[in-house]
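Enquirer: Okay, handing you the structure first.
Just so you know, all these numbers are worked out from the coordinates, no wet-lab data involved. Note that this is a predicted model, so its numbers are computed, not measured. Here the Cβ positions follow ideal geometry from the backbone for every residue, glycine too, while neighbour counts run over all protein chains shown.
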Amino acid sequence: AELRGVELSLPEMEGQKVLAVAAKNFKEAARLAAEIKALQAHKDGLSATQQRLHREAAQAEAELVSLTQAVAALRERAAASEREGDLTRARHLAALCALLRPAAAAAP
């Protein structure tokens, strides 16, 4: 918003400077030239900041996508590991039951 305001002010100030020169009001023209120069420098700084922020936002977005994919992969690995653990426990319990059945059948 500020950048847009500066961009709109510059042409108007340039026009005022031209009018001051045409009226031979060189003091006012010099003042306007200095103000235009300062405003242009401010505009350039704002533009550079805006470009930097756009780059940083794009990098952050790419990092977010990468992290989201990594989290999804980790969740899948955790689920697979949990399924494998459940299967191992089930096999262990089945083997234990197979060992205990004869003892349970022989008990009075």
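Enquirer: How would you order 78-85, 38-45 from highest to lowest mean count of nearby Cβ atoms within 10 Å?
Expert: 38-45, 78-85
Enquirer: Of the listed values (1) 71; (2) 34; (3) 37, grab the one calculated as percent of Cα pairs over 20 Å apart from the structure here.
Expert: Read-out taken from this structure: (1).
Enquirer: Remind me, relative contact order of the chain in percent, using alpha carbon pairs under 8 angstrom and six or more residues apart?
Expert: Relative contact order of the chain: 20 percent.
Enquirer: Also: Taking 7 Å along the Cα-to-C-beta vector as the label spot, tell me the ALA38-ARG52 distance in nanometres, rounded to one decimal.
Expert: 2.2
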